[in-house]
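Novice: Encoded as structure tokens, here's the structure I'll be asking about.
The values are calculated or read from the model by the stated rules, or taken from the named source; none is laboratory data. Computed from a prediction, not measured in an experiment: that's the story for all the values here. Positions of Cβ are generated from backbone atoms using ideal geometry, with glycine treated the same way; all protein chains shown enter the neighbour counts.
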Amino acid sequence: MVISVLLADDQQLIRAAFRMVLEEQGDITVVGEASDGDEAVRLTEELRPDVVLMDVRMPGTDGIEATRRIIERRPTSKVLVLTTFDVDEYVFSALRYGASGFLLKDARPAELADAIRSVASGDAVVAPSATRRLLDVVAGQLPGTRGPGEAADIPALERLTDREREVLGLVAEGLSNAEIAAALYVSEATVKSHVGRVLSKLGLRDRVQAVVFAYQAGIARPPRA
């Protein structure tokens, strides 16, 4: 399967650099470029890309509003946000509107390509360096998550097997499917199945919500200051 990608960034040189990197991948193709949010929304509807690589800070309609409109009008197109700062209020807003994750703009080419593959396959991506700070800011704010201490968390957790709880804890630590597979000595396909069942049983949209849920439910805890 070839993953189609739309690039949305107001700087032409950055779009050209991303296109060059991505077109070296045999399974990724760039189908279009947008220089602002309005154009990103229009081209998403027209080209129907699998993934939109979205810069959040653009003149006019920014990446946050563009993300909201894209997810609302074409939820099958995933949005992967790119940002200069790993803790960014723009990113948090984009996640609340349904972005599937974010990466720093200085991510290595291999990391970028892997993130696009992950998002296209239904996973969510959060820059590992920002996972703890993300939780500090957005825990309980993403759509569909439950607040800490709510009784609804208890029966939800009871739906999980011991292995699924273990997988959820590792997801909360920011591990990828491959890293979880190595830690548990199982195949990556098995981990993906576990993650899928966890999301389904808990009624969560993606791994971002799973991480927040794990901290709210006490399965994972932030490190002490």
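Novice: Taking segment 1-41, which residues are over 18 Å from V119 (Cα atoms) and of a type in the set (D, E, K, R)?
Specialist: If the condition is that a residue be over 18 Å from V119 (Cα atoms) and of a type in the set (D, E, K, R), then D9, D10, R15, E24, E33, D36, D38, E39 are the ones that fit.
Novice: Condition test on R19, is it within 21 Å of the chain's Cα centre (by Cα), more than 22 Å from F92 (Cα to Cα) and part of a helix (DSSP H, G or I)?
Specialist: yes
Novice: Can you tell me how many residues within segment 34-50 are over 15 Å from R68 (Cα atoms) and crowded, with 24+ Cβ neighbours inside 10 Å?
Specialist: Going through segment 34-50 one residue at a time, the tally reaches 2.
Novice: Could you grab me the full set of residues in segment 41-52 that are under 22 Å from A107 (Cα atoms) and either modelled with pLDDT under 95 or of a type in the set (D, E, K, R) (or both)? It would help to see each step written out before you state the result.
Specialist: Of the residues in segment 41-52, the ones under 22 Å from A107 (Cα atoms) are 49-52.
D50, the sole residue that qualifies.
Novice: As an exercise: evaluate V171 against (1) in a loop (DSSP other than H, G, I, E, B); (2) within 21 Å of L80 (Cα to Cα) and give the number of the one condition it does not meet.
Specialist: (1)
Novice: Counting only residues that are surrounded by fewer than 19 Cβ atoms within 10 Å (Cβ to Cβ) and at pLDDT below 90, how many does segment 145-174 have?
Specialist: Residues meeting the conditions: 16.
Novice: Can you tell me which residue among G32, G26, G60 is over 23 Å from V208 (Cα atoms), part of a strand (DSSP E or B) and either touching a helix residue (DSSP H, G or I) at 6+ places or on another chain (Cβ under 6 Å) or modelled with pLDDT under 95 (or both)?
Specialist: Exactly one residue qualifies, and that residue is G32.
Novice: Quick one: in segment 200-225, of everything that is at pLDDT 80 or above and out of contact with any Gly (no Cβ under 9 Å at 6 or more places or on another chain), which residue is surrounded by the fewest Cβ atoms within 10 Å (Cβ to Cβ)?
Specialist: S200
Novice: So, E65, is that one assigned to a helix (DSSP H, G or I) and under 18 Å from V91 (Cα atoms) or not? I'd like the intermediate steps shown before the answer.
Specialist: Working: assigned to a helix (DSSP H, G or I): yes; under 18 Å from V91 (Cα atoms): yes.
Taking the combined requirement at face value, the residue satisfies it.
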